[in-house]
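The values are calculated or read from the model by the stated rules, or taken from the named source; none is laboratory data. The model shown is predicted, which means the values in this text are computed figures rather than measured ones. We place every Cβ from the backbone using ideal geometry, glycine too, and count neighbours over all the protein chains shown.
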Amino acid sequence: MTAPGPVQAFLDAQPREQLDFLTVAEKRQYMRHLSDLNYLRYGRRPEPGPTVTDHLVATPAGPVRVKAYRPAGATGVLPAHLFLHGGGWWLGSVDELVNDAICRLRCARAGCVVLAVDYPLAPEHRFPAAVEQVYAVLTRVAAAAGTWRVDPAAISVGGVSAGGNLAAALTLKCRREGGPRLAFQLLEVPVLDLTLLLSVGAGDPDLHHAEQLVAAVRRYLPDEAAAAGELASPLRADDLSGLPPAYLMTAELDPLRRDGERYAARLAAAGVPATVSVEPGAIHGVSFLTRVWPAAAEWQETAARAVRDAHDRAVAEDRAGEGIAQ
């Protein structure tokens, strides 16, 4: 399918130059500027309402910065949504304009506290560092729910691209270690099978042009053998039962769309409520296009509604359980 006009214009405007002469730090600086410029040019202006505060959460590996978004005027306990940004595990920040806009809108529309986690980046911090630190943040937030003014019975997780990989891994780690019970997982254009990416060019035509993703995976993993583990490649987990309900949002023109489709099918087969959507004409970077392409703006509204609905169900189930216990 040919990309819709605004999507193609975005793709045509992206630089094609190779950046191999730059250091990792210089590439991060370049890509951060490019990300913010793209959002200023193509993205919808962010919601002005939420109150935003910065926190440092202590973890065994050191403090992790968490940017908290709370609906304006809210004083009581609210559901919480952990947000994990994309960037191939080695790029990205909670301060990027695109990520700040997502969190502001999700906070306002879902009526919840959004906790954007600035997880450690590869290659300085290779797998499983990001998974471990996101899990540590979650456990500390759940244990101190009163301090954070969040409802421990209504905590969800969401992630975009590599963040979707981390979000799915987090649900598996919670199940494995008896961690906090998550109410929902929202996975947007997720990367769920790193073994497939590492075999790029070996029979999967959809991935022949995913060299940048392959390079990102190699920065992230300590070695290729690690790709087979469930926390690196959730799609390869032997058992997906007992995980939180899931909504997977995929893009038609994204070579990784089948990861989401396969994962949703496997979750459903394991008895986990799972829905998958495929946005026609969308690309992996759909979140940058909210001003110029109505489908991109609706994508964000749909994601926020899914989070709100999941939190409402979790709160209702918790109250019903309390009634039975009494």
* closer than 18 Å to Pro190 by Cα, in a helix (DSSP H, G or I) and not aliphatic (A, V, I, L, M), is that true of Cys107? -> no
* Asked: Do we have any residue at all in the range 117-129 that's under 30 Å from Arg218 (Cβ atoms) and touching a strand residue (DSSP E or B) at 6+ places or on another chain (Cβ under 6 Å)?
  -> yes
* To do: Return the total of residues in the range 58-99 being of a type in the set (A, V, I, L, M) and either closer than 29 Å to Leu34 by Cα or touching an Asp or Glu at 6+ places or on another chain (Cβ under 6 Å) (or both).
  => 10
* Candidate set from the range 136-159 (those that are of a type in the set (Gly, Ala, Ser) and in a helix (DSSP H, G or I)); member that is farthest from Leu82 (Cα to Cα) -> Gly146
* Structure fact -> Counting only residues that are surrounded by fewer than 24 Cβ atoms within 10 Å (Cβ to Cβ), touching a residue at least 60 places away in the same chain (Cβ under 8 Å) and among the charged types (D, E, K, R), the range 94-123 contains a total of 2
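Conditions (1) within 24 Å of Cys112 (Cα to Cα); (2) assigned to a loop (DSSP other than H, G, I, E, B), marked per residue:
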{"site": "Glu26", "(1), (2)": "no, no"}
{"site": "Leu34", "(1), (2)": "no, no"}
{"site": "Pro60", "(1), (2)": "no, yes"}
{"site": "Tyr69", "(1), (2)": "yes, no"}
{"site": "Gly76", "(1), (2)": "yes, yes"}
{"site": "Pro79", "(1), (2)": "yes, no"}
{"site": "Gly86", "(1), (2)": "yes, yes"}
* Structure fact -> Across (1) surrounded by 14 or more Cβ atoms within 10 Å (Cβ to Cβ); (2) in contact (Cβ under 8 Å) with a residue 40 or more places away in the chain, Asp312 clears everything bar (2)
* helices (runs of 4 or more DSSP H) within the range 208-326 that include 1 or more residues aromatic (Phe, Trp, Tyr) and touching a Phe, Trp or Tyr at 6+ places or on another chain (Cβ under 6 Å) -> 211-220
* Tell me, which residue of the range 189-246 that is polar (S, T, N, Q) and modelled with pLDDT of 85 or more is nearest to Ala268 (Cα to Cα)? -> Ser241
* Which residue, of Val307, Val276, is more than 17 Å from Cys103 (Cβ to Cβ) and aliphatic (A, V, I, L, M)? -> Val276
* To do: Sort out which residues of the range 276-307 are of a type in the set (D, E, K, R) and surrounded by fewer than 18 Cβ atoms within 10 Å (Cβ to Cβ), and write them in order of number.
  => Arg291, Glu298, Glu301, Arg305
* **The lone exception for Pro63 - which of (1) within 21 Å of Ala316 (Cα to Cα); (2) surrounded by fewer than 19 Cβ atoms within 10 Å (Cβ to Cβ) it fails** => (1)
* Asked: Condition test on Ala9, is it within 19 Å of Ser287 (Cα to Cα), among the hydrophobic types (A, V, I, L, M, F, W, C), part of a loop (DSSP other than H, G, I, E, B) and in contact (Cβ under 8 Å) with a residue 24 or more places away in the chain?
  -> no
* Structure fact -> Checked the range 258-283 for anything modelled with pLDDT of 95 or more and not aliphatic (A, V, I, L, M); matches are Gly260, Glu261, Arg262, Tyr263, Arg266, Gly271, Pro273, Thr275, Ser277, Glu279, Pro280, Gly281
* Asked: Does at least one position in the range 2-16 carry a residue that is surrounded by fewer than 12 Cβ atoms within 10 Å (Cβ to Cβ) and either of a type in the set (Lys, Arg) or touching a strand residue (DSSP E or B) at 6+ places or on another chain (Cβ under 6 Å) (or both)?
  -> yes
* Within the range 160-176, count every residue that is more than 14 Å from Gln133 (Cβ to Cβ) and either assigned to a strand (DSSP E or B) or of a type in the set (D, E, K, R) (or both). => 3
* Given the conditions (1) at positive phi; (2) touching a Leu at 6+ places or on another chain (Cβ under 7 Å), which single one is not true for Asn165? -> (1)
* Return only the number of the condition from (1) surrounded by fewer than 18 Cβ atoms within 10 Å (Cβ to Cβ); (2) assigned to a loop (DSSP other than H, G, I, E, B); (3) aliphatic (A, V, I, L, M) that Leu91 does not satisfy. => (1)
* Structure fact -> How many residues of the range 22-77 are modelled with pLDDT of 95 or more, acidic (Asp, Glu) and under 22 Å from the mean Cα position of the chain (by Cα)? The answer is 2
